[in-house]
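Report on the structure given below.
The values are calculated or read from the model by the stated rules, or taken from the named source; none is laboratory data. Quick caveat: nothing in here was measured; it's all calculated off a predicted structure. Backbone-built Cβ (ideal geometry, glycine too); neighbour counts: all protein chains shown. The area values use the complete protein model at the heavy-atom level, side chains included, leaving out ligands, DNA and RNA. Shrake-Rupley method; radii C 1.70, N 1.55, O 1.52, S 1.80 Å.
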Amino acid sequence: MIGEYLRVTVAELGRATREPGWALDLVEEAQDAEEKTEPALAEARHFSTYKAWDMLRFLLARVEFPVNVIQGEEPFAEDEDWGYGPPRYLRPERVKLAAEALRATSYDQLLTGVDSAELTSAEVYPLGWGEPGALEWGRHWYDDLTQFFEAAAGADDAVLVWLE
């Protein structure tokens, strides 16, 4: 299971919610194009938290993060399955709030008081939290997620979110 994101303009978001098949085509085009060009996060339309999505979900929930950046907030294409269920999205104003909150919340703050056993007990995907340094594994994914959301907020973009 991989956490996936795509930055879209407001116009693209409108079309995506009306034409989910078009949205999935847009996702695939962006993934293919960026796989070849590997743009910097500031320019990237597509981003993935890889398998760290559930760890980040768990950590962000502990601090009562104000935006659901891991699973999205508003459903669309509810009859579609983009891997592990239908996609969701965040409107530009929620993307901006998320970017501000991510910037204001360090990874060290997320880890405050966290024990690997908590993640194991909560069956956070993927398992293996007892390994040395396991909690540090999510740091670079969190930092990259922050950069991605800051770039999206700066462009006044919405973000599609799904698990693949």
Completion exercise
Of the residues in segment 70-114, those that are open to solvent by 20 Å² or more (accessible area, probe 1.4 Å), among the small types (G, A, S), modelled with pLDDT of 95 or more and under 14 Å from V161 (Cβ atoms) number 0
Practice task
Report whether or not D156 is open to solvent by 20 Å² or more (accessible area, probe 1.4 Å), assigned to a loop (DSSP other than H, G, I, E, B) and under 27 Å from R94 (Cα atoms).
Solution key: yes
Handout entry: Answer residue from segment 1-32, given it is among the aliphatic types (A, V, I, L, M), exposed (fewer than 15 other Cβ atoms within 10 Å of the Cβ) and modelled with pLDDT of 95 or more and is nearest to E150 (Cα to Cα) among those
Key = V10
Handout entry: Test result for A104, closer than 25 Å to A30 by Cβ and of a type outside the set (D, E)
Key = no
Exercise for the section: Would you check if there is a residue in segment 89-104 being over 23 Å from D156 (Cα atoms) and among the small types (G, A, S)? Expected result: no
Handout entry: Lone unmet requirement of (1) open to solvent by 70 Å² or more (accessible area, probe 1.4 Å); (2) in a helix (DSSP H, G or I); (3) more than 18 Å from D143 (Cα to Cα); (4) not charged (D, E, K, R) for A117
Key = (1)
Problem - Residue check, V67 surrounded by 12 or more Cβ atoms within 10 Å (Cβ to Cβ), in contact (Cβ under 8 Å) with a residue 12 or more places away in the chain and under 14 Å from the mean Cα position of the chain (by Cα) - result: yes
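A quick yes/no check of all residues on (1) free of Cβ contacts under 8 Å to residues at least 40 places away in the same chain; (2) of a type in the set (D, E); (3) within 21 Å of R15 (Cα to Cα):
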residue	(1), (2), (3)
L41	no, no, no
F47	no, no, yes
L56	no, no, no
V63	no, no, no
F76	no, no, yes
P87	no, no, yes
Y107	yes, no, no
L110	no, no, no
S121	yes, no, no
